[in-house]
1. Quick check on this structure: which one of 103, 75 is under 26 Å from residue 16 (Cα atoms), at pLDDT 95 or above and in a loop (DSSP other than H, G, I, E, B)?
2. Looking only at residues that are in contact (Cβ under 8 Å) with a residue 40 or more places away in the chain and not in a loop (DSSP other than H, G, I, E, B) in segment 326-375, which one is nearest to ligand 3 (Cβ to nearest atom)?
3. Can you name the number of the only condition in (1) within 16 Å of ligand 1 (Cβ to nearest atom); (2) under 16 Å from residue 313 (Cβ atoms) that residue 339 fails?
4. Under 7 Å between Cβ atoms, which residue pairs at least 6 apart in sequence (or on different chains) link something in segment 41-55 that is over 17 Å from residue 31 (Cβ atoms) and in contact (Cβ under 8 Å) with a residue 40 or more places away in the chain with a partner that is of a type in the set (A, V, I, L, M) and part of a helix (DSSP H, G or I)?
5. Does at least one position in segment 162-181 carry a residue that is in contact with a helix residue (DSSP H, G or I) (Cβ under 6 Å, 6 or more places away or on another chain) and either aromatic (Phe, Trp, Tyr) or on the phi > 0 side of the Ramachandran plot (or both)?
6. Report, by residue number, each residue of segment 266-306 that is over 30 Å from residue 221 (Cβ atoms) and polar (S, T, N, Q).
7. Output the residues belonging to segment 188-231 that are within 16 Å of ligand 1 (Cβ to nearest atom), of a type outside the set (Gly, Ala, Ser) and in contact with a helix residue (DSSP H, G or I) (Cβ under 6 Å, 6 or more places away or on another chain).
8. Of 184, 221, 199, which residue is in contact (Cβ under 8 Å) with a residue 60 or more places away in the chain and within 16 Å of ligand 2 (Cβ to nearest atom)?
Amino acid sequence: MISKQEFIARQHRLLALCEPESVVVIPAASLITRSRDTEYPFRQNSDFWYLTGFDEPDTVLLLSNHSQFSDPYRAMAFRPKDKTAEIWQGRRLGADAGLSEFALDEAFELSELEDVLSEWLGGHDHVYFPFQSPLRETLFALHNKLAAAPKENISPAALCDVTPLIHEMRLFKSSCEIALMQAAGKISAQGHIRAMKFAHPGCYEYQLEAELHHEFAMSGARHPAYGTIVGSGDNACILHYTENNAQVCDGDLILIDAGAEYAGYAGDITRTFPVNGKFSAPQRRIYQLVLDAQLAVLDRIGPGMTLNEAGLIAAEVLTAGLVELGLLKGTVAENLEGLHYRQFFMHGIGHYLGLDVHDVGDYRQDGEDRPLQPGMVITIEPGLYIAPDADVPEAYRGIGVRIEDNLVITATGADVITADVPKEISEIEALMRKS
Ligand code: GLY
Ligand code: MN
Ligand code: MN
């Protein structure tokens, strides 16, 4: 787990990125109604979690680097203690316990937030907060009120978006974060192995989903990091298919894209395998092509390469293979030039991974693609999706394959942290034979 010191150090680093005489205001997430008086399972706002490690809704973090303080000044607004709410809904830390729990300079109740913000807005030159947040209206209104009636020549603080600063920090994972992501990768891999072992003709996609989620939960990852995708047969060609309600027919491939969320961090693995344990000849050709494309990228990826360059490596392998199989007509060069592979591989090669599955951080800087750097965590996930009505030899229609792994970029290359689940054809067939 991340230590209290690491969370506090992140708060200090964020403040150091702000102008002098600034206050930073970061709200937590709120509960969201699922139906009538029941709520969706609570998921903390990733930026708030990154800075505090606190899992209660409706809390607000305030930080100040005002020159009147020798150190950063740290405060939090908490939900009030409430006996009835705690009997019915759950424990609340409250301001008194929160003060020492988070080693704060000040802790207060949410009902006092507007007064505190009003005071701080008048006393600082800048207020940083996420512009896309429920506090937006409150802060803009307070700002306008102060601007309309300035007190003792105090003008209101300028409003600044804090989001890009936090997201740049989150892009580079600490060693503790990498350890948690390795755990998320391992748990996710075990879920995939369990689903592969369970699969048999006649099973239902939702049963495979249940196998994955069971394995995740048994390892302390109570929630998947995103909606689990279990697509059998043609369903594998729908990139974000989550209906997961079809019965799997003998001869089908199954594409599973699923990852556990562990201590807030996402795993994001895709594997594709034959429900009956044996790839048919056309399935084998398409699968091996996607695997070759992925391995070509994994072989060369590392610091200095951009994700677009990685995508190009995959595109070259896929295009050459598609031409050889007769799914693309013409030369490899013509097809690459015309981006013809895009009718079968229509998504990006990968993305940043972290507290969010499509994690934050800029992919471009100063108008250029951004090179990968040590400490970034990414996915590499080539695929081929041949629509059931594609103008290709019939044997290939309706085949969808994606192979996705998670990687930590290191000083010299990249470590694959999801390698526990097999992806070579012989390994998959052997695993399924055993079960
Ligand atoms: N699971 C969504 C993705 O792979 O990007
Ligand atoms: Mn995925
Ligand atoms: Mn992904």
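The values are calculated or read from the model by the stated rules, or taken from the named source; none is laboratory data. The model shown is predicted, which means the values in this text are computed figures rather than measured ones. Don't worry about glycine lacking a Cβ; one is built from the backbone with ideal geometry, like all the others, and counts go over all protein chains shown.
1. Every option except 103 fails the conditions.
2. 352
3. (1)
4. Within 7 Å, the pairs are 47/166; 50/166; 51/14.
5. no
6. 280, 283, 288, 306
7. Scanning segment 188-231 gives 208, 212, 216, 228, 230.
8. Matching residue, one of 184, 221, 199: 184.
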